[in-house]
Structure formats: C-alpha cells, structure tokens
1. Would you be able to tell me the number of residues in region 5-19 that are within 18 Å of G76 (Cβ to Cβ), of a type outside the set (K, R) and not in a loop (DSSP other than H, G, I, E, B)?
2. Right, D123: part of a strand (DSSP E or B), touching a residue at least 12 places away in the same chain (Cβ under 8 Å) and farther than 21 Å from E170 by Cβ or not?
3. Among the residues of region 39-97 satisfying the criterion of being in contact with a Lys or Arg (Cβ under 9 Å, 6 or more places away or on another chain), hydrophobic (A, V, I, L, M, F, W, C) and without any contact (Cβ under 8 Å) to a residue 40 or more places away in the chain, which is nearest to V182 (Cα to Cα)?
4. Which one of these does P106 not meet: (1) outside any helix (DSSP H, G or I); (2) of a type outside the set (G, A, S); (3) closer than 21 Å to Q25 by Cβ?
5. Just to be sure before I move on: is D85 acidic (D, E), at negative phi and part of a loop (DSSP other than H, G, I, E, B) in the structure I sent?
6. When only residues in region 130-188 that are of a type in the set (A, V, I, L, M, F, W, C) and open to solvent by 60 Å² or more (accessible area, probe 1.4 Å) count, which is modelled with the lowest pLDDT?
7. Can you tell me which residue within region 34-55, out of those that are open to solvent by 20 Å² or more (accessible area, probe 1.4 Å) and out of contact with any Asp or Glu (no Cβ under 7 Å at 6 or more places or on another chain), is modelled with the lowest pLDDT?
8. State whether the residues of region 101-108 include one that is farther than 18 Å from I48 by Cα, touching a His at 6+ places or on another chain (Cβ under 9 Å) and of a type in the set (V, I, T).
Amino acid sequence: MSGVGTREPDFPMTREEFLAWTTRQPTGRFERIDGIVIAMAPERISHIRRKVAALVALRRAVSEAGLASCEVLGDGATVQVEDSDFEPDALLHCGPRLPGDSTTVPDPQVLVEVLSPDSGTRDRATKLRAYFKLPSDQHYLIVWPEEQRIVRHSRTSNGQVATRVFASGEIELDPPGTTVTVEEFYLD
C-alpha cells in the first residue's frame, strides 16, 4: 500500500536509483527486494507494540551482558543484501559505532521482523534466505504480532541454520552473548 500521491515504480531499480527515488517521495516507506520496490503497508498497533518491545528487550539484554560495543537500532536502518534493501523492525549491531549520518548497517548480528499481513511470506522465506547471506548475521527472530510466538533462526558452528519456535521462556542469542525472553515481547 503506497502513501498518498506515492506510487511504486513498475520496473526494477538499482540500489543507487532506489535511494535517489526514495528521497524524492513525499510519504511512505519502501523496501527493495531483488531490485523491485515494495511499499510497506501502514503498521497496526500490535505490530508497533512488538517492535518497541523488541527494542527494549534487546537493549536490556545488551546492557545486562555489558556489551559496550553493541547497539540496538529500530526500523529505519537499512540492511543491504545483494540486490535488496531491507528495513528490519529491529537489529543488533556489534563493533565500531556507526556514523550518525549513515542509513545502512553493513554487519548486523541479530535481525528482528514482526509479521504483518502483507509481509509474512517475505519475512519467513525471502528475508530468511537473504539475511543469512550476511556473514555477520547470527540470529533472525520472527515475531508474531498477536500470538505469543517467536521463531529464532540461528547460524550453527558448521554454517547451517537451525530453527526453534518459542512460546515462552528464554531465547539465547550467542553470539553476541545476550538473552531475551518471549514474555518481554508481549508485556502489553
């Protein structure tokens, strides 16, 4: 769904064309998947609640683990993978502090997406494959907005991706050495 007066291009764009195009848009948020621009639908309140909870949970976990070189960022930061530009709902980056004028995070360790009616397939398939193409990505959390359920996909020591579904309890994110709980994502 596009913003008022904003229409998605009906042709593939390079990253440079996409970035230039988005700066000219009066409204709306967009991702580019395999060169195709996709408008992001307006978010429902349950989606926003889970995004905020993810940020709070990750920030608490980073603080408690004493990971001074890590920071948690919300949506708005772009993750570039091959011919796609994604905007995850939350992410955890460890390493040198990113410049304040940067719009991209080149090496996230944890990525979080909250499902929405229009993005479920992209989040569970397209982004899953794409995110683990990043050597830095260790964990990808998919959060259900209404039902207390989180799926954690994690890179194993042999480079495979292991999947586990959580309805409650602790979710270990190691590396970087943090733990969140399912309940933290559903405190409202």
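1. So the count comes out to 2.
2. Answer is no for this residue.
3. A90
4. For P106, the exception is condition (3).
5. On the way: acidic (D, E): yes; at negative phi: yes; part of a loop (DSSP other than H, G, I, E, B): no.
For D85, the condition - acidic (D, E), at negative phi and part of a loop (DSSP other than H, G, I, E, B) - is not met.
6. L187
7. Out of the qualifying residues, it is P42.
8. yes
The values are calculated or read from the model by the stated rules, or taken from the named source; none is laboratory data. Keep in mind the model is a prediction, meaning the values are calculated, not measured. A quick note on method: Cβ atoms are made from the backbone with ideal geometry, for glycine too, and the neighbour counts reach across all protein chains shown. With ligands, DNA and RNA removed, areas are computed over all heavy atoms of the protein, side chains included. Shrake-Rupley method; radii C 1.70, N 1.55, O 1.52, S 1.80 Å.
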